[in-house]
1. Residue 88 versus (1) outside any strand (DSSP E or B); (2) in contact with a Pro (Cβ under 6 Å, 6 or more places away or on another chain): which is the lone unmet condition?
2. Which one of the conditions (1) assigned to a helix (DSSP H, G or I); (2) closer than 22 Å to residue 107 by Cβ; (3) at pLDDT 95 or above does residue 45 fail to meet, given that it meets all the rest?
3. When the range 59-101 is examined, which residues are found to be under 20 Å from residue 165 (Cα atoms) and in contact with an Asp or Glu (Cβ under 6 Å, 6 or more places away or on another chain)?
4. Being within 24 Å of residue 88 (Cβ to Cβ), modelled with pLDDT of 95 or more, open to solvent by less than 30 Å² (accessible area, probe 1.4 Å) and more than 15 Å from the chain's Cα centre (by Cα) is the requirement here; does residue 111 meet it?
5. Restricting to the range 79-106, count the residues that are over 21 Å from residue 136 (Cβ atoms) and open to solvent by 40 Å² or more (accessible area, probe 1.4 Å).
6. Against the condition at pLDDT below 95, part of a loop (DSSP other than H, G, I, E, B) and buried (at least 17 other Cβ atoms within 10 Å of the Cβ), how does residue 76 come out, does it pass?
7. Just to be sure I understand, how many residues within the range 118-153 are touching a residue at least 12 places away in the same chain (Cβ under 8 Å), of a type outside the set (D, E, K, R), open to solvent by 20 Å² or more (accessible area, probe 1.4 Å) and part of a loop (DSSP other than H, G, I, E, B)?
8. Check off (1) in contact (Cβ under 8 Å) with a residue 40 or more places away in the chain; (2) within 17 Å of residue 5 (Cβ to Cβ); (3) not in a helix (DSSP H, G or I) for residue 58 and give me the number that stays unchecked.
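The values are calculated or read from the model by the stated rules, or taken from the named source; none is laboratory data. In this text, all values refer to a predicted model and were calculated from it rather than measured experimentally. So basically every Cβ, Gly included, is an ideal-geometry build from the backbone, and we count neighbours across all protein chains shown. Each accessible area value is taken on the protein alone, full model and side chains, heavy atoms only, with ligands, DNA and RNA left out. Shrake-Rupley method; radii C 1.70, N 1.55, O 1.52, S 1.80 Å.
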Amino acid sequence: MGSIPSVSLPSIVTCRECACQKKCYAHKLERLRPSVLNAYQNNLRILREDPKTYWREIEAAIMMSRFFRFHVSGDIPDEEYFKHMVEIAKRNEHCQILCFTKKYEIVNRWLGQTNGYLPDNLHIVFSGWVGLEMVNPFFLPEAHVRYKDGTTTARDDAMECPGNCTDCAITDCGCWVLGLGEQVVFHEH
């Protein structure tokens, strides 16, 4: 991720059930580094016990940043959470906010209820996995994996991830500027 501020929640706990959990890099990192797991669990505890503080701290980080990423680990827990993401993005147009998600139904419901509205600085990228049906009626950008055996669910025209979120952010390329219907492909990690 480089120097991009982010907030994460525990892996698997906030994620949809998916075969990706068997190979989850975030879950592996949590096992290898208990301090990382403790930090993610603390974030979830604050979200559940004191959501005003959780969102105030996230917005403070976003206010001081040009770029921010939701969920290097974990995913959007529910519709209320996503609503907060949208509201914070609207109030902080100076900051480009990126979020990969497999919680397609939450985003699709929001887009259906708001006539397809998302703030221009909130970049939602649907994350795919082999065997997981991606319902994407609004043609949001998509991220796919190139598995170790060379296979992928991405189209042939998918952009290859260069591997450094900071470099892409400051050069206006990569996931930060994916357009409707565009795809990026990551190497399995």
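1. (2)
2. Against the list (1) assigned to a helix (DSSP H, G or I); (2) closer than 22 Å to residue 107 by Cβ; (3) at pLDDT 95 or above, residue 45 comes up short only on (2).
3. Listed by number, the list holds a single entry, 101.
4. Numbers: within 24 Å of residue 88 (Cβ to Cβ): yes; modelled with pLDDT of 95 or more: yes; open to solvent by less than 30 Å² (accessible area, probe 1.4 Å): yes; more than 15 Å from the chain's Cα centre (by Cα): yes.
The answer is yes for residue 111.
5. First, pick out the residues of the range 79-106 that are over 21 Å from residue 136 (Cβ atoms): 80, 84, 87-88, 90-96.
Narrowing the set further to residues that are open to solvent by 40 Å² or more (accessible area, probe 1.4 Å) leaves 80, 84, 87, 90-91, 93-94, 96.
Residues meeting the conditions: 8.
6. On the way: at pLDDT below 95: no; part of a loop (DSSP other than H, G, I, E, B): yes; buried (at least 17 other Cβ atoms within 10 Å of the Cβ): yes.
Answer is no for this residue.
7. Final tally of qualifying residues: 14.
8. (3)
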